[in-house]
Structure formats: C-alpha cells, structure tokens
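Student: This is the structure I have questions about; it appears just below.
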Amino acid sequence: RRRGAVADAEVDRVERRRPAGARATVEPKLAWLQSRLELDAAQLKKIVVKHPHLLRRSVESMESNCDWLQRRLGLNNAGLRKMVLRLPQ
C-alpha cells in the first residue's frame, strides 16, 4: 500500500521507532502535511524520508509552527511550502 509516493516500507521504517499502532497516528500526519503544504507525492516523500522525526510531532504542533512562520515571515502558502521543503525542521 502507498500513500502517494510514500511506500509501506518507508512508513514501516518510522513505525519501528514507535509502539504498535503507529500507522494510525502516522497516516493522518501524512495527509495533513500533504494538504496543508499542498505537496505532491514526490515532495511528501522527500520530507518524510529525509526527516522522519517530523512524524513524531503532533498535527497541532506542526500547524502552530506553520502559522507562526507565515505570520512572522509574511509568507503565503507557496512561500511556506518552499521554506519547509528546504528546511523542514
């Protein structure tokens, strides 16, 4: 099974560091990242494979950080996406 370009093996790699049932918490985060940042499948994969620690954060925390960056730096959605793709931490 795949979520865009993120294969089961890649999600499994993240799950190994989490307790059983992690897939149920990871999939909503993938959906949120893809939707909030308007990412295509390749962009989502790039972020998740390079920075799997992002999936340990809550959606609320990521949303708060995105909102803060947009306000603080005056970014539109495209600018936020570009920044996150470069420096997702």
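Student: How much accessible area does Asp40 have with a 1.4 Å probe, in Å² rounded to the nearest 10?
Tutor: For Asp40, the solvent-accessible surface is approximately 80 Å².
Student: Starting from the Cα-Cα distance between Asn77 and Ala41, subtract it from 0.36 nm times their residue separation and give me the gain in nm to one decimal. Let's see the in-between values first.
Tutor: Working: separation 36, 0.36 × 36 = 12.96 nm, distance 1.73 nm.
Value of the extension gain: 11.2 nm.
Student: Write down the accessible area per residue of segment 21-76 in Å², having rolled a 1.4 Å probe over the full set of protein chains. Before the final figure, lay out the partial values.
Tutor: Values: 3110 Å² over 56 residues.
Roughly 56 Å² per residue, with all protein chains present.
Student: Sort Arg36, Arg72 by accessible area with a 1.4 Å probe, largest first. Don't skip to the end; give the middle numbers.
Tutor: On the way: Arg36 40, Arg72 175 Å².
Result of the area sort, largest leading: Arg72, Arg36.
The values are calculated or read from the model by the stated rules, or taken from the named source; none is laboratory data. This one's a predicted model, so the numbers in the text were calculated from it and none came from an experiment. We work out accessible area using only protein heavy atoms, side chains counted, and drop any ligands, DNA or RNA first. Shrake-Rupley method; radii C 1.70, N 1.55, O 1.52, S 1.80 Å.
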